[in-house]
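Below you'll find the structure, written out as structure tokens, and then a few comments.
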Amino acid sequence: METFKSNTSLLLLVTLFLSTIVSQINGGGIKTQSEALSQLYKAKLKQNSNIDRSHFDANLDDLQYLHTASKKTVVSQEGLKENDKIQKLPGQPPVKFEQYGGYVTVDESAGRAFYYYFVEAQHSKESLPLLLWLNGGPGCSSLAYGAFQELGPFRVNSDGKTLHKNNFAWNHAANVLFVESPAGVGFSYSNTSTDVKVGGDRKTANDNYRFLINWLEKFPEYKDRDFYISGESYAGHYVPQLAHTILYHNKKAKKNIINLKGILIGNAVINDETDTRGMYEYFASHALISDEVEAEIQKECKFTVPESEESDKCQVALGIAEYGTHPLDIYAIYAPRCHNSNLTSHPKKPSLVIDPCSDDYTTAYMNRPDVQKALHANVTNIKYATWQPCSDVLTNWTDSPSTVIPLLREFMANDIRVWIFSGDTDGRVPVTSTKKSIKIMNLPTKTPWHPWFLNEEVGGYTQVYKGDMTFVTVRGAGHQVPAYEAARALSLIMHFLAGTDLPDLKRYNY
């Protein structure tokens, strides 16, 4: 490894210079989930590490930061549901289910409100469960990704004006609720300026809880319905923290205020150190960096200290890895990048393969005045309410625990179903990261690793652990699993909600 024995300062400068050139070539345009998550990781490592680790402990009694719900949680929602009904979105194909959009106040004194989009199930809406979807970032919109690029009933065409049906939408399996969280993300807003500049996990969990309580006042028919929380990426924090808050208040009230049954998180940030180590393992195992660089990273980097405290050898190796992977869409390492974000005069023919410029189409659509009017969105016309997939408004994320594993253990102890899924072409929070993070839980195996199937093809692989936790990979999917493998993602959510194992090869003649 002569490379690492050379002048490390010079090599670091050269590597960073090359990375800057690549960034300039590939940079610009819309901020994505990947960029938001990368920025957070870098910020966390630059700050005192106590910020990362102080919030969670193996003793769950010490997790006090989520236990401070406002005494004014409930705000009257009487008569507001019908005002939120969406008659038809511009350019929308006809559908037979109802959809709603609007605002729910989470803090009256601060003037803080979250925007939501809700689609009822395409059949059996009276009996199917309620499913909440959260995107991560932090700062990325569940409308941008979840609703209009992944699991919602529509996707935006390349003209930025019209929509086409998603035949594998998750409202085939549930009544699906999307919320833009925290304030400052998408159409969600606050009249208190600091709310949209300073964010964090504590505040987001409490606000998401208040949102749910008030949304259920607006839609009381769902108060006793089985409830599940799902999400991806940094929602690996949002989902468990909201679930923990719900459990806490249910126990405090000695009744089920919200009938939580399970959580589902995809390509999720779970445990910083193992998540990060697993990412570089993935890079090497998929020939994106050399084995020598990966070995140096694993040997020299701690990933538990501020970036400035990492050794020179670590920083040089990380720079080489960044140079090698930056030109890729790290969210889906085999997918093309967007090279022409211009809208088309007529819609391209819809494809099951995600268009790499979908962010641009969705952004154009959401910023149309007629679309915002139909969605009942941007009603305040405040300056930071211009819709974008990932917000630049939240410039200071004040707390982000290094792990959520204690919460996963808590759910298993309370008979809450836990499924973790991973698109196997994602390089940002890859399958190797999630496997490492689960491994430190030291869980006994119920059903060993095996393939699961859909339409007589391998859909991915799965392992079931004792205590009602399941890990699933989705073959061929990137970070946003339902966008890349819509049919397999729909099969996944159907089995999760039903509490049934994914189909194995015993059901086929192999």
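Each label was represented as a point 7 Å from its Cα along the Cα-to-Cβ direction; for residue 287 and residue 304 these points are 3.5 nm apart. The label point for residue 351 and the one for residue 367, both projected 7 Å from the Cα toward the Cβ, are 2.5 nm apart. With 25 Å as the limit on Cα-Cα distance, the pairs of 251/446; 436/466; 197/254; 218/254; 85/197; 302/446 that go past it are 251/446; 197/254; 85/197; 302/446.
Summing charges over neighbours of residue 142, with a neighbour being any other residue whose Cβ is under 12 Å away from its Cβ, gives -3 when K and R count +1 and D and E count -1.
Looking at segment 94-125, the GluC sites (Glu not before Pro) that sit in a DSSP loop and have at most 14 other Cβ atoms within 10 Å of their own Cβ are 98, 108.
When Rg and Dmax are taken over the Cα atoms of segment 262-404, they come to 20.1, 55 Å. Computed over segment 328-405, relative contact order equals 21 percent, with contacts defined as Cα pairs under 8 Å that lie 6+ residues apart. Charged side chains reduced to their Cβ positions (Lys and Arg at +1, Asp and Glu at -1) give segment 427-510 a dipole of some 340 debye around its Cα centre.
Read-outs throughout are calculated quantities, based only on the coordinates presented, and are distinct from any laboratory measurement. Here the structure is a predicted model, which means the values were calculated and not measured. Positions of Cβ are generated from backbone atoms using ideal geometry, with glycine treated the same way; all protein chains shown enter the neighbour counts.
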